[in-house]
Amino acid sequence: MTVELLPPIVSSLKPSNHPYLNGAWTPLMQEVDATDLKVIEGAIPTDIDGVYLRNTENQVHQPLGRFHPFDGDAMIHQIEFKGGHANYRNRFVRTRCFQAEQEAGGSLWGGLADPVTTALRPGYGAHGALKDNSSTDIVVHAGKAFSTFYQCGEGYRLDPLTLETLGVEGWVPIDGVSAHARVDEATGEMMFFNYSKSAPYMHYGVVDRDNRLTTYIPIPLPGPRLPHDMAFTEHYSILNDLPVFWDAELLKRNIHAVRLHEGVASRFAIVPRHGGVIRWFEAAPTYVLHWLNAYEEGDEIVLDGYFQEDPMPRPHKGAPAGFEHMMAYLDEHSFRSKLHRWRFNLTDGTTTEEHLDERIMEFGMINQRFAGRKYRYAFSTVSQPGWFLFTGFVKTDLETRKSTEYLLPPGRYASEAPFAPRIGGVAEDDGYLVSFITDENTGTSECVLLDARDIAAGPVCRIALPHKLCSGTHSCWADRAQLG
């Protein structure tokens, strides 16, 4: 392995006992280019060609208030596969806020757990006082990577190979773009949504394969909401109005307190992809962070995602003092997310729903060539109780309802693992799951590939990375043909 270190960035972060600034969440300040990565075990397959991109929350400066892991700056980690070899690089996303704090030498904005008065400058997005860190999600569209902020940010384009920040995306509307824009590989289109504190409170848009905004329409809601994700089928997009959102009375005092609104149903908007009549469906109250996929089947729209049985969990009793509330909301075992299916009947307007698995799971991935179409296989993560840390994967056969799993040894934590299709592969599961692993036992990180046909067999290969990664949220895979 050959490693080139880039010039250091400015950091003011001080040591602390914060649970999400230590361990697998220890921030990384080093940017590198590493070529000819060393294989620890197995062999790098020669039948994949592309890049794995992972976005992470990587705090650079000393927080002004109570740090929440979603406040961290965006650092993109990339591993590139070609011809049985692998290279790695990582870069901070040079957002406007990142650059401003580099110039100031410290934090300028508070975080999710802070009052709005903490911010030293006006903030961004639906909240209005947060830093647009672009550290939540990443996809590849129109040949470029696109990183986004969970409470609606400007959206940043990056070169998917060099990771150079290319700047704010020009078509992004005034209300920004939420995390989880969705790319349809069949058409090259990207669907997105945003939300705000002013009517109509939500908008939906479509960007074509040439990166031109072609659709942007209002989705009227009764008031400010906090959706996090969306889904699409071949002809429709699916947006949601769920009963977990800001308390309206407190919001009048500019206090952003989230609560479960008892007696309020979940609502789903079925929207023709390029605009038209919006149809609303009601379902059991819940909150859903992430949808898995959706498709059309006869007169029904089928939607799969992760239903939270307790979307407003009690403070976590085992958490360090002062972090009980925050850690409960980061723990899948507290809010009890389960793989779930909704069916919306377009003929009679009814909704039926059911759990597909009783295990606690989230952060699911599919073969993206089947996005918006009927599919068979889901790849979900499982997590460590009490923590936002992934400890393994579950493959679910949605036809037979059978599943297999791969669990990591204690002290090893994974990242979200997208599906990388095998060159020439035809079957839906003919490919690999790609994940970065942080090993707290050794203080190192590596990349693992699992054969998606048999994840229980363990890694096909393990590849050493040049430094220990900070944990984070979302990732994607892009074949070579998708890169600009």
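Quick check: anything in the stretch 378-391 surrounded by fewer than 21 Cβ atoms within 10 Å (Cβ to Cβ) and part of a strand (DSSP E or B)?
yes
With respect to the numbered conditions (1) of a type in the set (Val, Ile, Thr); (2) assigned to a loop (DSSP other than H, G, I, E, B); (3) touching an Asp or Glu at 6+ places or on another chain (Cβ under 9 Å), which one is the sole condition not fulfilled by Thr46?
Of everything listed in (1) of a type in the set (Val, Ile, Thr); (2) assigned to a loop (DSSP other than H, G, I, E, B); (3) touching an Asp or Glu at 6+ places or on another chain (Cβ under 9 Å), Thr46 misses just condition (3).
Would it be correct to say that Thr136 is closer than 25 Å to Met365 by Cβ and of a type in the set (S, T, N, Q)? Lay out the reasoning, then the answer.
Details: closer than 25 Å to Met365 by Cβ: yes; of a type in the set (S, T, N, Q): yes.
So Thr136 fits the description; yes.
Would the stretch 147-157 turn up any residue that is touching an Asp or Glu at 6+ places or on another chain (Cβ under 6 Å), farther than 30 Å from Val264 by Cα and not in a loop (DSSP other than H, G, I, E, B)?
Yes - at least one qualifying residue is present in the stretch 147-157.
Restricting to the stretch 168-184, and then to whatever is surrounded by fewer than 18 Cβ atoms within 10 Å (Cβ to Cβ) and in contact (Cβ under 8 Å) with a residue 40 or more places away in the chain, can you tell me which residue is farthest from Ala145 (Cα to Cα)?
Taking the stretch 168-184 as the starting set, the residues that turn out to be surrounded by fewer than 18 Cβ atoms within 10 Å (Cβ to Cβ) are 168, 170-171, 173-174.
Checking which are in contact (Cβ under 8 Å) with a residue 40 or more places away in the chain leaves us with 168, 171, 173.
Values: Val168: 12, Trp171: 15, Pro173: 18 Å.
Here the answer is Pro173.
Which members of the stretch 342-357 meet the condition of being part of a strand (DSSP E or B) and surrounded by 17 or more Cβ atoms within 10 Å (Cβ to Cβ)?
Of the stretch 342-357, the ones part of a strand (DSSP E or B) are 342-345, 351-355.
Listed by number, the residues that qualify are Trp342, Arg343, Phe344, Thr351.
Residue by residue through the stretch 290-323, note down the ones that are assigned to a loop (DSSP other than H, G, I, E, B), touching a residue at least 24 places away in the same chain (Cβ under 8 Å) and in contact with a Phe, Trp or Tyr (Cβ under 7 Å, 6 or more places away or on another chain).
First, the residues of the stretch 290-323 that are assigned to a loop (DSSP other than H, G, I, E, B): 290, 298-299, 309-323.
Subset that is touching a residue at least 24 places away in the same chain (Cβ under 8 Å): 290, 299, 309-312, 316, 318-320, 323.
Hits for the stretch 290-323 are His290, Asp310, Pro311.
Evaluate the following for Ala86: is it farther than 30 Å from Arg212 by Cβ, at pLDDT below 95 and not charged (D, E, K, R)? Let's see the steps before the verdict.
Numbers: farther than 30 Å from Arg212 by Cβ: yes; at pLDDT below 95: no; not charged (D, E, K, R): yes.
So Ala86 fails the test.
Condition (residue is part of a loop (DSSP other than H, G, I, E, B), surrounded by fewer than 22 Cβ atoms within 10 Å (Cβ to Cβ) and on the phi > 0 side of the Ramachandran plot) applied to the stretch 185-193: is it met by at least one residue? It would help to see each step written out before you state the result.
In the first step, residues of the stretch 185-193 are kept if they are part of a loop (DSSP other than H, G, I, E, B); the result is 185-188.
Add one more test, that the residue is surrounded by fewer than 22 Cβ atoms within 10 Å (Cβ to Cβ), and what stays is 185-188.
Then keep just the ones that are on the phi > 0 side of the Ramachandran plot; that gives 188.
Taking every residue of the stretch 185-193 in turn, at least one turns out to be part of a loop (DSSP other than H, G, I, E, B), surrounded by fewer than 22 Cβ atoms within 10 Å (Cβ to Cβ) and on the phi > 0 side of the Ramachandran plot.
Kindly provide the set of residues from the stretch 430-461 that are in a loop (DSSP other than H, G, I, E, B) and either acidic (Asp, Glu) or crowded, with 24+ Cβ neighbours inside 10 Å (or both), ordered by number. Before you say what the answer is, go through the steps one by one.
Within the stretch 430-461, the subset in a loop (DSSP other than H, G, I, E, B) is 430, 440-443, 452-454, 458.
Correct list: Asp430, Glu440, Ala452, Asp454.
Looking at Asn240, Asn254, which one is under 22 Å from His290 (Cα atoms) and among the polar types (S, T, N, Q)?
Details: Asn254 fails: under 22 Å from His290 (Cα atoms).
Of Asn240, Asn254, the one residue that is under 22 Å from His290 (Cα atoms) and among the polar types (S, T, N, Q) is Asn240.
Report the residue count in the stretch 286-317 for those that are of a type outside the set (D, E, K, R) and farther than 13 Å from Phe335 by Cα. I'd like the intermediate steps shown before the answer.
Within the stretch 286-317, the first condition is being of a type outside the set (D, E, K, R), and the residues that meet it are 286-295, 298, 301-303, 305-308, 311-313, 315-316.
Narrowing further to those that are farther than 13 Å from Phe335 by Cα: 290-295, 298, 301-303, 305.
Selection size over the stretch 286-317: 11.
Any chance the stretch 257-265 includes a residue that's of a type in the set (A, V, I, L, M, F, W, C), at pLDDT 95 or above, in a strand (DSSP E or B) and under 28 Å from His18 (Cβ atoms)?
Yes, some residue in the stretch 257-265 is of a type in the set (A, V, I, L, M, F, W, C), at pLDDT 95 or above, in a strand (DSSP E or B) and under 28 Å from His18 (Cβ atoms).
Is there any pair with a first residue in the stretch 257-277 that is under 30 Å from Met326 (Cα atoms) and a second that is of a type in the set (D, E, K, R) whose Cβ atoms are under 6 Å apart and which are 6 or more apart or on different chains, and what are they?
Ala257/Asp247; Arg259/Asp247; Ala265/Glu282; Arg267/Asp241; Arg267/Glu282
Given the structure, is Pro311 touching a Ser or Thr at 6+ places or on another chain (Cβ under 7 Å) and within 23 Å of Asp114 (Cα to Cα)? Don't jump to the end; show me each part of the working.
Numbers: touching a Ser or Thr at 6+ places or on another chain (Cβ under 7 Å): yes; within 23 Å of Asp114 (Cα to Cα): yes.
The answer is yes for Pro311.
Can you confirm whether Ala427 is among the hydrophobic types (A, V, I, L, M, F, W, C) and either crowded, with 24+ Cβ neighbours inside 10 Å or under 18 Å from Gly305 (Cα atoms) (or both)? Show your work before the answer.
Values: among the hydrophobic types (A, V, I, L, M, F, W, C): yes; either crowded, with 24+ Cβ neighbours inside 10 Å or under 18 Å from Gly305 (Cα atoms) (or both): no.
Criteria not met by Ala427.
Could you say which residue among Ser471, Ser415 is under 22 Å from Ala145 (Cβ atoms), in contact with a helix residue (DSSP H, G or I) (Cβ under 6 Å, 6 or more places away or on another chain) and at pLDDT 95 or above?
Ser471
Hey, can you tell me all the residues within the stretch 294-325 that are under 24 Å from the mean Cα position of the chain (by Cα), closer than 26 Å to Met365 by Cα and not acidic (Asp, Glu)?
Hits for the stretch 294-325 are Ala294, Tyr295, Ile301, Val302, Leu303, Gly305, Tyr306, Phe307, Gln308, Pro311, Met312, Pro313.
Report, by residue number, each residue of the stretch 4-54 that is in contact with a helix residue (DSSP H, G or I) (Cβ under 7 Å, 6 or more places away or on another chain) and either of a type in the set (Phe, Trp, Tyr) or without any contact (Cβ under 8 Å) to a residue 24 or more places away in the chain (or both).
Scanning the stretch 4-54 gives Tyr20, Trp25.
The values are calculated or read from the model by the stated rules, or taken from the named source; none is laboratory data. Since the structure is predicted, the reported quantities are computational estimates derived from the model, not experimental observations. Please note: Cβ atoms are built from the backbone with ideal geometry, for glycine as well, and neighbour counts cover all protein chains shown.
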